[in-house]
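The values are calculated or read from the model by the stated rules, or taken from the named source; none is laboratory data. It should be emphasised that the depicted structure is a prediction, and the values quoted were computed from it without experimental measurement. Because the Cβ atoms are built from the backbone with ideal geometry, glycine has one as well, and the counts that use them run over all protein chains shown.
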Amino acid sequence: MSTDTPDLLHGPALTPASLVRAMVLAYRARGLDPAAALKQAQIPPSVLRDPLGRITAAQMEAVSYAAMRELDDEALGCFERPLPWGSYGLLARASLSAPTLGVALKRWCRHHGLLAQAIALSVEVAGERAEIVLRLRHDPGAMAELSAVSVLRNIHGLAAWFIDSRIPLLEARFPYPAPPHVAAYAVLFDAPSRFGASEAAIAFDAQYLALPIRRDEAAMHQLLQRALPLTVRSYRRDRLLVQRVRQLLASQPLATHNADDLAALLHTSARTLHRQLKEEGASLQALKDAVRRERASQLLLRTDRPLKQVAEAAGFRNEKSFIRAFRAWTGQSPGEWRRR
């Protein structure tokens with residue numbers, strides 16, 4: 001390999017080659033040869049023949065870019081007609097002026113319906129849970145996986161870019177049986193995945209919909225120079241993380257005693273949780289102290305519950321540790337504070 005050839009094999013091979021096999025079908029449906037695109041992406045035939053074959057993110061970006069240009073179809077053969085180069089850029093630009101993420105996503109889904117009739121996209125909210133739902137209007141056949149995965153990852157990546165924040169998913173579901181490479185979905189969506197559903201969807205905390213759009217036209221122009229990495233980029237910052245941690249500590253005190261338990265509820269690791277909180281200028285212990293102190297103070301002031309019950313309701317394992325922590329916060333014992 002020459003020094004001028006990019007090393008697309010660098011990094012872990014986590015993306016299922018089944019997505020590339022679907023692109024090959026799109027080439028054949030148009031009477032075209034995918035060999036040049038596969039060679040450019042350094043994807044050998046042996047990987048495509050392997051039911052569990054994987055490629056790197058760089059390879060996926062390279063083959064997608066080449067296929068979109070050669071087919072002049074950003075949907076890669078998934079819909080009833082091609083989406084010419086620049087179609088998704090138009091969708092993104094049309095949503096840029098929205099005041100909040102929720103308005104932007106609804107606008108994006110509505111405009112997508114003007115480009116392709118094969119699927120119907122919608123933003124649906126139920127309580128604290130929001131979903132971007134993809135419903136099939138026509139049977140996509142062998143293109144089902146590529147269609148659902150590419151569209152949902154596209155809109156998820158764009159949503160995170162709009163608000164410059166990680167948007168952790170609560171669930172992803174798909175209207176087809178679990179594929180042989182089902183383990184790859186933990187990487188593709190970083191959330192529990194369910195198969196055999198009536199529609200495809202990604203679910204997340206509805207509070208993200210209220211966040212303002214943080215990008216402008218200059219940022220959009222820069223993005224569109226190389227938009228494909230949106231589908232694989234993982235945002236480190238989560239603009240609602242501190243708020244979500246506080247809510248979990250307050251609503252589930254007995255299930256959030258330690259970082260591992262809390263991280264599991266947030267679908268991340270304790271190490272990542274500590275790092276992301278630090279990036280937001282917060283710490284888990286400080287948040288835990290603040291929530292526990294507020295909860296304990298309210299119970300001491302507004303109820304006559306025994307200290308043992310107050311300690312348990314505030315998230316302490318025993319009364320002794322509660323009294324010690326409360327004295328450190330206020331300089332008084334809970335009993336003294338309540339009497340005064």
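Here are some notes:
Residues checked against (1) within 17 Å of ALA325 (Cα to Cα); (2) among the charged types (D, E, K, R):
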{"position": "LEU241", "(1), (2)": "no, no"}
{"position": "ARG246", "(1), (2)": "no, yes"}
{"position": "SER251", "(1), (2)": "no, no"}
{"position": "LEU254", "(1), (2)": "yes, no"}
{"position": "HIS267", "(1), (2)": "no, no"}
{"position": "ARG271", "(1), (2)": "no, yes"}
{"position": "ARG275", "(1), (2)": "no, yes"}
{"position": "LEU284", "(1), (2)": "yes, no"}
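- Considering the stretch 105-123, and only residues there that are in a strand (DSSP E or B) and in contact (Cβ under 8 Å) with a residue 24 or more places away in the chain, the residue that is surrounded by the most Cβ atoms within 10 Å (Cβ to Cβ) turns out to be ILE119.
- Note on the stretch 125-142: residues that are acidic (Asp, Glu) and either assigned by TED's automatic domain parsing to the domain that holds TYR27 or surrounded by 13 or more Cβ atoms within 10 Å (Cβ to Cβ) (or both) total 1.
- Considering the conditions (1) in contact with a helix residue (DSSP H, G or I) (Cβ under 7 Å, 6 or more places away or on another chain); (2) of a type outside the set (Lys, Arg); (3) over 18 Å from GLY77 (Cβ atoms); (4) modelled with pLDDT of 95 or more, ALA126 is excluded by exactly one of them, (1).
- The stretch 242-283, subset hydroxyl-bearing (Ser, Thr, Tyr) and surrounded by 15 or more Cβ atoms within 10 Å (Cβ to Cβ), residue nearest to GLU294 (Cα to Cα): THR256
- Residue count, the stretch 302-328 (criterion: more than 21 Å from GLN247 (Cα to Cα) and not basic (Lys, Arg)): 9
- Cβ separations smaller than 8 Å between residues 6+ apart or across chains give no pair from the stretch 144-168 residues that are not assigned by TED's automatic domain parsing to the domain that holds HIS112 to residues that are in a helix (DSSP H, G or I).
- Qualifying residue in the stretch 53-67 (condition: farther than 30 Å from HIS111 by Cβ, touching a Gly at 6+ places or on another chain (Cβ under 6 Å) and either part of a helix (DSSP H, G or I) or at pLDDT 95 or above (or both)): no
- Going through (1) within 25 Å of ALA263 (Cβ to Cβ); (2) of a type outside the set (Phe, Trp, Tyr); (3) out of contact with any Asp or Glu (no Cβ under 7 Å at 6 or more places or on another chain); (4) not in a helix (DSSP H, G or I) one by one, ALA186 falls short only on (4).
- Among the candidates GLU131, GLU80, residue that is outside any helix (DSSP H, G or I), at pLDDT below 95, out of contact with any Cys (no Cβ under 7 Å at 6 or more places or on another chain) and over 22 Å from HIS221 (Cα atoms): GLU80
- Residues that are within 16 Å of LEU248 (Cα to Cα), touching a residue at least 40 places away in the same chain (Cβ under 8 Å) and among the small types (Gly, Ala, Ser) number at least 1 in the following helices (runs of 4 or more DSSP H) confined to the stretch 275-340: 284-302, 307-313.
- Residue match in the stretch 135-150 (condition: more than 20 Å from PHE79 (Cα to Cα) and either at pLDDT below 95 or part of a loop (DSSP other than H, G, I, E, B) (or both)): no
- Considered as a group, the residues in the stretch 222-259 that are modelled with pLDDT of 85 or more and in contact with a Ser or Thr (Cβ under 8 Å, 6 or more places away or on another chain) include one that is farthest from ALA210 (Cα to Cα), and that residue is LEU249.
- Residue within the stretch 121-143 that is in contact with a Leu (Cβ under 6 Å, 6 or more places away or on another chain) and small (Gly, Ala, Ser) present: yes
- The set of residues in the stretch 295-307 being in contact with an Asp or Glu (Cβ under 9 Å, 6 or more places away or on another chain) and surrounded by 13 or more Cβ atoms within 10 Å (Cβ to Cβ) consists of LEU307 alone.
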